[in-house]
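Chemist: Let me begin by handing over the structure; questions about it come next.
Bear in mind that the values in this text are calculations on the coordinates, not laboratory data. Computed from a predicted structure; not experimentally measured. Cβ placement follows ideal geometry from the backbone for every residue including glycine, while neighbour counts extend to all protein chains displayed.
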Amino acid sequence: MSPVDGSARVVRGSVLTYRDDPAIVGADRAVHFLRRGAVAVDGDGRIAWRGPAGRLPERFRSLPDDDHGECLVLPGFIDAHLHFPQYRMLAAPGTDLLDWLNRFTYREESRYASPVHARAAAEHFLDRLVQHGTTAALVFSSVHPGAAEALFTSAQARRLAIVSGKTMMDRNAPEALRDDPVAGVRDSVSLMERWHRRGRLRYAITVRFAVTSTEAQLRAAGELAAAHPDCHVHSHLSESEEEIALVRRLFPVAKDYTDVYDRFGLLGPRSVFAHGIHLTERECARLHETQSVVVHCPTANTFLGSGLFDAGHVGRPDRSVAFGIGSDVGGGTSYSMLRTMGEAYKVAMLCGRMPTAHDLFHLATRGNAARLGLGDEIGTIESGRWADLVVLDPTATPVLEDRHALSEGLEDTLFALAILGDDRAVRATYVAGRRAWDATSGTS
Ligand code: GUN
Ligand code: ZN
């Protein structure tokens, strides 16, 4: 992909961003909405100004101007958990998580031993992200250092905010997907030195899950995390009952699944764990204490039959565990953060909760940015933040158009997009001010 143009520009439309969490302070205080708004982007790709289009300062008036009319202009979506080497294996059925891993996933990931395959796949994967309006993500790669290298290289060229790392896994997986504790750390350090904080990229020390690492590897990963507190830790936790039972057998001394990671120093404010569906009180309290983060991945949880993430339980105010939202492609069934929000709504309803559209859109933008420690860089439309923007058309499909005719206002429009929308609703995506995707020209 080559960017279609430079960064400095004006983007017009109905501009929506969140100042705060609507679930905490209420929508009136959290939502910032300008029906005919404008965002001015500087030559570096950062937001220089945001305000009513009619008050655009003189100095921006000669810039290229993209007018998206009635469409919504939001901060680009942030996907807090998905898998690059699973980019084309969505919709692979399994009786449960472990069956799905053994039957399809490991076989597909083995292909990433080839740097040629990985380089081509990285382009396809990142194309999918921007086509779906996603401009930043925390991404699992495969065990192969060359695959992480390919992903970082492509993301750097596109100026995408990607947090990723080579996956460490040294047991309970096919030979072709196993490293060892020494090689795992050596390759991680070498990638970290090359890519961490280079441009918009960050490194995540990545342990697949407790099942696929020996104690020696978990210890080595914990030591690496202690030596590099600025890097993320990324793993999976408490996804399925079968997985939890297996972890109990593999680590009989640990109090529970969370304690396995805790014993090796893998909890902390930069530690992000996908799922966290079946967490006990003790685990929630410990995750809260260490400020660790979990990521709700609703389309994967329903698809693999793993269970229902109860945000009321996880987020209980006296010991709330911070959580984000992710697609978990390819266990998840869509790249679309709109679909992911829609599924999160349905899972919440099954748990007796009813999130608002603002809760969901906040989570996929400002909320996820905060969960990933990137809140000063992305997630809102404010001066100084990167100009990562998604433009959504609330009338993109015939069904959305019919529904939009009944819309009772902004929140209702957002709700319809979350329940009925997908990539067809994404009219354009801007990454650091450059148009990375345009639905009309198909640029990507
Ligand atoms: N647990 C360990 N590996 C995986 C994976 O690839 N996907 C999901 N959903 N869970 C996992
Ligand atoms: Zn995952």
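Chemist: Restricting to region 339-393, name every residue that is on the phi > 0 side of the Ramachandran plot and more than 15 Å from the chain's Cα centre (by Cα).
Modeler: Once the filter is applied, which keeps residues that are on the phi > 0 side of the Ramachandran plot and more than 15 Å from the chain's Cα centre (by Cα), region 339-393 yields G352, G384.
Chemist: Something else about it: I'm trying to understand the selection: among the residues of region 119-148, which are under 12 Å from the mean Cα position of the chain (by Cα) and either under 30 Å from D180 (Cβ atoms) or of a type in the set (G, A, S) (or both)?
Modeler: Across region 119-148, the qualifying residues are G133, A136, A137, L138, V139, F140.
Chemist: So which residues in region 240-293 are away from ligand 1 (no atom under 16 Å from the Cβ), in a helix (DSSP H, G or I) and closer than 26 Å to P229 by Cβ, if there are any at all?
Modeler: Hits for region 240-293 are D259, D262, R263, R282, E283, C284, A285, R286, L287, H288, E289.
Chemist: Further question on the same structure: When the residues of region 326-338 are narrowed to those that are hydrophobic (A, V, I, L, M, F, W, C) and away from ligand 2 (no atom under 13 Å from the Cβ), which ends up farthest from the chain's Cα centre (by Cα)?
Modeler: The extreme case among them is L338.
Chemist: Now for a different question. Provide a single number: the residues in region 332-357 that are surrounded by 24 or more Cβ atoms within 10 Å (Cβ to Cβ), away from ligand 1 (no atom under 16 Å from the Cβ) and not in a helix (DSSP H, G or I).
Modeler: Looking only at that region, the number is 1.
Chemist: Consider region 58-83. How many of its residues are surrounded by 15 or more Cβ atoms within 10 Å (Cβ to Cβ), away from ligand 1 (no atom under 16 Å from the Cβ) and among the acidic types (D, E)?
Modeler: Result for region 58-83: 2.
So that you can scan it fast, the table gives a plain yes or no per residue for (1) buried (at least 23 other Cβ atoms within 10 Å of the Cβ); (2) in contact with a His (Cβ under 9 Å, 6 or more places away or on another chain); (3) among the charged types (D, E, K, R):
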position	(1), (2), (3)
E243	yes, yes, yes
Y257	yes, yes, no
G265	no, no, no
A285	no, no, no
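Chemist: Any chance you could count how many residues in region 84-98 are near ligand 1 (Cβ under 10 Å from one of its atoms), crowded, with 24+ Cβ neighbours inside 10 Å and within 27 Å of V431 (Cβ to Cβ)?
Modeler: Selection size over region 84-98: 1.
Chemist: Within region 293-309, take every residue that is over 13 Å from L237 (Cβ atoms) and β-branched (V, I, T) and give me the one that is nearest to ligand 2 (Cβ to nearest atom).
Modeler: Ranking the qualifying residues of region 293-309, first place goes to T299.
Chemist: Follow-up. Taking the stated definitions as given, is A122 small (G, A, S), out of contact with any strand residue (DSSP E or B) (no Cβ under 6 Å at 6 or more places or on another chain) and within 16 Å of ligand 2 (Cβ to nearest atom)?
Modeler: It is false that A122 is small (G, A, S), out of contact with any strand residue (DSSP E or B) (no Cβ under 6 Å at 6 or more places or on another chain) and within 16 Å of ligand 2 (Cβ to nearest atom).
Chemist: Let me ask another. For H236, only one of the following conditions fails: (1) part of a loop (DSSP other than H, G, I, E, B); (2) within 16 Å of ligand 1 (Cβ to nearest atom). What is its number?
Modeler: (1)
Chemist: Look through region 294-331, keep the residues that are touching a residue at least 24 places away in the same chain (Cβ under 8 Å), more than 16 Å from ligand 1 (Cβ to nearest atom) and more than 20 Å from T356 (Cβ to Cβ), and return whichever of them is surrounded by the fewest Cβ atoms within 10 Å (Cβ to Cβ).
Modeler: R319
Chemist: Among the listed residues A48, A38, A80, which satisfies the condition of being within 16 Å of ligand 2 (Cβ to nearest atom), among the hydrophobic types (A, V, I, L, M, F, W, C), outside any helix (DSSP H, G or I) and on the phi < 0 side of the Ramachandran plot?
Modeler: A80
Chemist: While we're here: Report whether or not T299 is assigned to a loop (DSSP other than H, G, I, E, B) and polar (S, T, N, Q).
Modeler: For T299, the condition - assigned to a loop (DSSP other than H, G, I, E, B) and polar (S, T, N, Q) - is not met.
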